[in-house]
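Inspection log for the structure reproduced underneath, given as structure tokens.
The values are calculated or read from the model by the stated rules, or taken from the named source; none is laboratory data. Computed from a predicted model, the values in this text were never measured in an experiment. As a convention, Cβ positions derive from the backbone with ideal geometry for all residues, glycine included, and neighbour counts pool all protein chains shown. The accessibility values were calculated without ligands, DNA or RNA, using every heavy atom of the protein model including side chains. Shrake-Rupley method; radii C 1.70, N 1.55, O 1.52, S 1.80 Å.
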Amino acid sequence: MKQSFFRTFSYLFIRAIKQAIRPLIAILPSFFMPLFFFIVYSYAFTNISNLPGFGGSSYLAFYSPVALLMAVFFTSGDAGFELMLDITSGYFEKLLLAPIPRLAILLPRIVAMGLRALAQSIVMLILLFLFGAPLKGGIVGILLIFGLVIIFGMGWSGIGLTLAALTKNPRVLQTSFIFTFPLTFITTAQLPKELLTGWYKVAVTINPLTYILEGVRGIMTQGVDWHQVAVSYLVAFLILVVTSASSIWAFKRMVR
Amino acid sequence: MKNIIEVKNLVKTFKGGVRAVDDVSFSVQQGQFFGFLGPNGAGKTTTMRVLATLSQPTSGKVKVNGYDVVKEPDAVRKSIGFAMQSVGLDDLATAWENLILIGNLYGLTVLQAKDRARELLEMFHLEKAADRYVQHYSGGMRRRLDVATALMHNPKILFLDEPTEGLDPSGRRVIWKYLQDLNKGGTTIFLTTHYMEEADYLTRDLAIINHGKIVVRDTPKELKRKIGCSFINLELSDKDRKKAFDLICEKFKKLNCRLVPGGLEIEIAEEDNLLPAIISALDKVKVEIVNFNLHSPSLEDVFLKYAGERFEGEEAGKGIDPYVRMRQRPRH
């Protein structure tokens, strides 16, 4: 009696993509903010790159991976908002009324977020390249970056989805951004780890985003270091496993 | 005719011990246009949500189209369409996309879904707006599209929770026409509404639920007949109201007469033909009757008799027949 999982998944995946790009103008802010930080920081902190620890690269090159990941970070947060929109509009219950596997309502959103992260990183990479960002990893490096942002994008979207399913409250979801956004700063976003000290260095070391950032940065500024790539992929994959598990748990709790 | 909905001893208790549905049993025949009425918070929507598998019963047995709502929820879902109280549409999609997706989710192929969507858009007069985003639709269009999505898979049973809420009278009539046609075509309809004239016009079988229990069940005609009285409404000037009231109370002791804004309301047994006598008595004492009417009990009177007390508050109304209390409320 139940519709097949894959058929349902494909229909709702297409819908999730459409929902993500409508209206098209709503996508622009997710590019604007990272580019703004990129331009301002690149020019404001040009001389910081003369400090030991930067390895001779420019601050523009150092900061460009941050801009790329920030764009993905902003977009991934939308998954929770889109689920919340369905819950508050009553559309979510319409989906629950259909004879479809429950998880086929949630999982397409996560996968769609991976695709969005990919599309966004393609645009961001082109823009950053035009501004002079390096791409030392070449074609392989670019493909590795794409793979990493897909996994990271899907993983990060799980946080919003979990909160949306747990709270069903748009305000709580909005407030949660205040707590997740600083995580992007408590990384090696502004300075290399060698220049950090004390508790801040410890916080940066245990923040999983640091490893994703370092993975992308290594590929862009140094070339492909397989050890670093493996570490960043492992961390991204762990984020995906943990947040997917939590969002599935919260979702099942909501629809039971 | 077989029962397409069977509810036995349904109980639904929410967190904190609120018993929203309290040991309710009823059945609905296939092809019926069934009305399920009650005041806000009486348990209507909760019952419907259990029937539609959106909520699990605390206890009791519920079968829809022969399937158990707990054990075979997907078979139930396939059998039903549900237009909920709040319209559930994808605002960032067109009407066409909304319909096709819902059709696909119910197992229609893309071609089947397109054919059905075309048919429904035409039926609900939405074909010209089919490619517009739903967020630009008026309230009436959204409501019609919502009902259309509930019909995409040709359900055997259609649940409608206040489907004409917020619509203007003409929009309401349009929906009524669709629903009547649908019911004539064999679809069982389970309707809740706060508009009594809507329930009276559409339904052929009716239950009133109050405080989580079904308090009465019959055809609208029988329910009205059982009220057993009619009402005379007299429109009087302010100076004559009290005078007329005192006179009628004195001369027609058996009648239940009430002061209402703008005049009097008198309850008379259906077999009594007292209107001429009342008018003549008032005329003799020079009471000027601005206007009058005699009306039979409406479904609203039935509703107020069985479920009206909720509006008055528990304490204020203690010891008074709820029906009387409601009839005493000002009418506008």
- Hits in the stretch A:214-247 (condition: within 29 Å of A:M84 (Cβ to Cβ), of a type in the set (S, T, N, Q) and surrounded by fewer than 21 Cβ atoms within 10 Å (Cβ to Cβ)): A:S244, A:S246
- Note on the structure: Filtering helices (runs of 4 or more DSSP H) wholly in the stretch B:148-231 for at least 3 residues that are surrounded by 15 or more Cβ atoms within 10 Å (Cβ to Cβ), in contact (Cβ under 8 Å) with a residue 40 or more places away in the chain and of a type in the set (A, V, I, L, M) gives B:196-202
- Query: Within the stretch A:90-142, how many residues are of a type in the set (D, E, K, R), touching a helix residue (DSSP H, G or I) at 6+ places or on another chain (Cβ under 6 Å), under 30 Å from B:N154 (Cα atoms) and assigned to a helix (DSSP H, G or I)?
  - Reply: 1
- Within the stretch B:66-115, how many residues turn out to be buried (at least 18 other Cβ atoms within 10 Å of the Cβ), assigned to a helix (DSSP H, G or I) and aliphatic (A, V, I, L, M)? 9
- Can you name the residue in the stretch B:91-126 that is among the charged types (D, E, K, R) and more than 29 Å from the chain's Cα centre (by Cα) and, of all such residues, is nearest to the other protein chains (Cβ to nearest Cβ)? B:E97
- Which one of these does B:G41 not meet: (1) modelled with pLDDT under 95; (2) over 18 Å from B:V216 (Cα atoms)? (2)
- Note on the structure: A careful count of residues in the stretch B:39-64 that are in a loop (DSSP other than H, G, I, E, B) and in contact with a Pro (Cβ under 9 Å, 6 or more places away or on another chain) gives 1
- A:R116 passes all but one of (1) open to solvent by 10 Å² or more (accessible area, probe 1.4 Å); (2) within 14 Å of chain B (Cβ to nearest Cβ); (3) in contact with a Ser or Thr (Cβ under 7 Å, 6 or more places away or on another chain); which number fails? (2)
- Item | Identity of the residue in the stretch B:127-144, out of contact with any Lys or Arg (no Cβ under 9 Å at 6 or more places or on another chain) and free of Cβ contacts under 8 Å to residues at least 12 places away in the same chain, that ends up farthest from the other protein chains (Cβ to nearest Cβ) | B:K128
- For B:L10, all conditions in the list (1) under 20 Å from the mean Cα position of the chain (by Cα); (2) surrounded by 14 or more Cβ atoms within 10 Å (Cβ to Cβ); (3) closer than 24 Å to B:S86 by Cβ hold save one; what is the number of the exception? (1)
- Item | Filter result for the condition that a residue is more than 23 Å from A:L103 (Cβ to Cβ) and touching a Phe, Trp or Tyr at 6+ places or on another chain (Cβ under 7 Å), over B:A95, B:A117, B:A75 | B:A117
- Query: Which one is nearest to A:R109 (Cα to Cα) among residues in the stretch A:137-159 that are open to solvent by 10 Å² or more (accessible area, probe 1.4 Å) and small (G, A, S)?
  - Reply: A:G147
- Checked the stretch B:45-65 for anything open to solvent by less than 10 Å² (accessible area, probe 1.4 Å) and more than 12 Å from chain A (Cβ to nearest Cβ); matches are B:T47, B:V50, B:V62, B:V64
- Query: Which residue out of A:F32, A:F38, A:F9 is in a helix (DSSP H, G or I), away from chain B (no Cβ under 14 Å), aromatic (F, W, Y) and closer than 30 Å to B:T94 by Cα?
  - Reply: A:F32
- Message: Restricting to the stretch A:100-111, name every residue that is within 14 Å of chain B (Cβ to nearest Cβ) and crowded, with 21+ Cβ neighbours inside 10 Å.
- Response: A:I100, A:A104, A:I105, A:R109
- Task: For A:I25, state whether it is more than 14 Å from chain B (Cβ to nearest Cβ), aliphatic (A, V, I, L, M) and either in contact (Cβ under 8 Å) with a residue 12 or more places away in the chain or over 30 Å from A:W226 (Cα atoms) (or both).
- Result: no
- Message: Checking A:A20 against (1) among the small types (G, A, S); (2) free of Cβ contacts under 8 Å to residues at least 12 places away in the same chain; (3) within 14 Å of another protein chain (Cβ to nearest Cβ), only one condition comes out false. Which one?
- Response: (2)
